[in-house]
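So the structure is just underneath, and the comments pick up after that.
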Amino acid sequence: MRSGAHWRHFPERYGKWRTVHRRFSRWCHAGVWEHVFDALTADRDNKSSSSASAALAST
């Protein structure tokens, strides 16, 4: 995360910060975020929720 926020300051509702960090790192290395962003930008008008849902469902 490059916003300057520390992983340890994540809200507890997301789980342990180390688990969140590991999951985020795995998703980065696996290209999950690129897939999600591609699906979201493909439908800039938000007329079809299926592309974003498919991107998130594949994680």
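Since every read-out is calculated from the coordinates, none of them should be taken as a lab result. Treat the numbers as computed from the prediction; the structure is a model and nothing was measured. Glycine gets a Cβ as well: all are built from the backbone with ideal geometry, and neighbour counts include every protein chain shown.
Side notes on the structure shown:
- Residues THR41 and HIS6, FRET efficiency given R0 of 30 Å [Cβ-Cβ distance, rounded to 0.05]: 0.55
- Here the 3J(HN,Hα) profile of segment 31-38, calculated from phi with Karplus coefficients 6.51, -1.76 and 1.60 at θ = phi - 60°, is x, 4, 5, 4, 5, 5, 5, 4 Hz, Gly and Pro shown as x.
- The order of the peptides 8-15, 34-41 by mean Cβ neighbours within 10 Å, most packed first, is 34-41, 8-15.
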